[in-house]
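Enquirer: Got a structure here, written out as structure tokens. Questions coming.
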Amino acid sequence: MLPIAIRAEQSEADEPRFRAIAGNRQSVGRTMGEALDALTADWGDDIQETAVLIQRFQPDAYFTDAQYSRMRELLDRRTTLTAEERAELEALIDAELDATVARTEHLVRLRKP
């Protein structure tokens, strides 16, 4: 199953903007739904099922304030990152995805009788 992450981003015109990411595919839109629709528009039968993760990007027990701040800083400069910074950003994105999985597992455990 290919997960889809949807993130809010700052736009240059200060209008809402969302980025949907699945593997090496990305799309943007003015709403979460528009970004998701653009991402999945050409999938056809290639992908049978998927999970959508909407990332709020707020620090918590699974992803710290320091990690969040550094990721935001790198994302804001993503077009000018060095190779080392790009690797750091990828590691932070992976850590946030791991944090999302941990949050979800925690919620599932709480809901089980």
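The values are calculated or read from the model by the stated rules, or taken from the named source; none is laboratory data. Quantities reported herein were computed from a predicted structural model and do not represent experimental measurements. Here Cβ is always computed from backbone atoms with ideal geometry, including for glycine, and neighbour counts include all displayed protein chains.
Enquirer: Would segment 103-113 turn up any residue that is at pLDDT 85 or above, more than 20 Å from R25 (Cβ to Cβ) and in a helix (DSSP H, G or I)? Outline the logic, then answer.
Expert: Keep residues of segment 103-113 that are at pLDDT 85 or above, which gives none.
Scanning segment 103-113, I find no residue that is at pLDDT 85 or above, more than 20 Å from R25 (Cβ to Cβ) and in a helix (DSSP H, G or I), so the answer is no.
Enquirer: Can you name every residue in segment 9-24 that is under 23 Å from Y68 (Cα atoms) and loosely packed, with under 15 Cβ neighbours inside 10 Å? Walk me through how you get there before you give the answer.
Expert: Quick first cut of segment 9-24, residues under 23 Å from Y68 (Cα atoms) only: 9-12, 14-24.
Matches in segment 9-24: E9, Q10, S11, E12, D14, E15, P16, G23, N24.
Enquirer: With respect to the numbered conditions (1) in the same structural domain as A91 (by TED's automatic domain parsing); (2) at pLDDT below 75, which one is the sole condition not fulfilled by D45?
Expert: Of (1) in the same structural domain as A91 (by TED's automatic domain parsing); (2) at pLDDT below 75, only one is false for D45: (1).
Enquirer: Right, here's the next one. Could you look through segment 74-113, keep only residues that are β-branched (V, I, T) and under 18 Å from the mean Cα position of the chain (by Cα), and pick out the one that is nearest to F63 (Cα to Cα)? Give the derivation first.
Expert: First pass over segment 74-113, keeping only residues β-branched (V, I, T): 79-80, 82, 93, 100-101, 104, 108.
Add one more test, that the residue is under 18 Å from the mean Cα position of the chain (by Cα), and what stays is 79, 93, 100-101, 104.
Numbers: T79: 24, I93: 10, T100: 9, V101: 11, T104: 13 Å.
Here the answer is T100.
Enquirer: Could you check segment 78-92 and list, in sequence order, the residues that are surrounded by 11 or more Cβ atoms within 10 Å (Cβ to Cβ) and farther than 24 Å from P3 by Cβ?
Expert: E85
Enquirer: Another question, then. Could you count how many residues in segment 82-103 are touching a residue at least 24 places away in the same chain (Cβ under 8 Å) and in contact with a strand residue (DSSP E or B) (Cβ under 9 Å, 6 or more places away or on another chain)?
Expert: Within segment 82-103, residues that are touching a residue at least 24 places away in the same chain (Cβ under 8 Å) and in contact with a strand residue (DSSP E or B) (Cβ under 9 Å, 6 or more places away or on another chain) number 3.
Enquirer: Taking R72, is it loosely packed, with under 14 Cβ neighbours inside 10 Å, modelled with pLDDT of 90 or more and assigned to a helix (DSSP H, G or I)?
Expert: Details: loosely packed, with under 14 Cβ neighbours inside 10 Å: yes; modelled with pLDDT of 90 or more: no; assigned to a helix (DSSP H, G or I): yes.
Answer is no for this residue.
Enquirer: Right, something else. Every residue in segment 1-32 that is of a type in the set (G, A, S) and either assigned to a loop (DSSP other than H, G, I, E, B) or modelled with pLDDT under 75 (or both), please.
Expert: S11, A13, G23
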